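The values are calculated or read from the model by the stated rules, or taken from the named source; none is laboratory data. Source: prediction; values computed, not measured. All Cβ positions, glycine included, derive from the backbone under ideal geometry; neighbour counts span all protein chains shown. Just so you know, the surface numbers come from the protein's heavy atoms only, side chains and all, with ligands and any DNA or RNA stripped out. Shrake-Rupley method; radii C 1.70, N 1.55, O 1.52, S 1.80 Å.
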Amino acid sequence: MKIIVTLITLLSILILYLLFKNPEQKPILGNLRDFDKMINNLIESKNQESFLIIQISNSTNFIQFKYYEEDGLEIDFPLVTNEQKENKDRIIKYCDDKRLNYKINKGSDEISEFIDIYVKSDTEAQIKIVKQIFKDIY
């Protein structure tokens, strides 16, 4: 019994260490007014490995963000769950109406899809577009 308790304790310590060893990877709760800071931090990080995931509260919907020097801000809408798939036509229509550059990409499983919107402009304009997308789509 002592061995099991010791193993569970060690495993718990390892999990906590892995979760909190990099403070930049901790989940942060926020709302629309926090977008400015979150998106700005992503763009200013200059780290090609950086990304941001924002989940819509009370939903399975989430949006992934990545910044590329050459392509600008990538806004990635996964279309995996039924709830996410239900938004596909609305997101495409929104992009067409707003003349946003987007592509529909396949996931590594060749089944799931993602709508990737690419926004090339200054940081302030990118943040404004992200906020407007959230207001209009969700």
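Key figures for this structure:
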item	result
Sequence ranges 61-68, 44-51, 80-87, ranked by mean other-Cβ count within 10 angstrom, highest first	61-68, 80-87, 44-51
Rough spin-label spacing in nm, given labels placed 7 Å along Cα→Cβ, for N40 and A125	1.9
Gain upon complete extension [D136, Q55; 0.36 nm per residue less C-alpha separation]	27.6 nm
Cα-based shape type of the range 69-138, given that a ≥ b ≥ c are square roots of the gyration tensor eigenvalues and the cut on a/c is 1.5	oblate
The range 67-138, relative contact order [Cα under 8 Å, separation at least 6], %	37
Estimated vicinal HN-Hα couplings, Hz - the range 116-133 in sequence order (Karplus 6.51, -1.76, 1.60; Gly, Pro = x)	10, 9, 10, 10, 10, 5, 6, 4, 4, 5, 4, 4, 4, 5, 4, 4, 5, 4
Residue-wise HN-Hα coupling along the range 37-43, computed from phi with Karplus coefficients 6.51, -1.76, 1.60 (Hz; x: Gly, Pro)	5, 5, 5, 4, 4, 5, 5
Å² per residue, accessible surface of the range 23-122 at 1.4 Å	67
Using a Förster distance of 22 Å, the FRET efficiency for D109-E86 (Cβ separation, nearest 0.05)	0.65
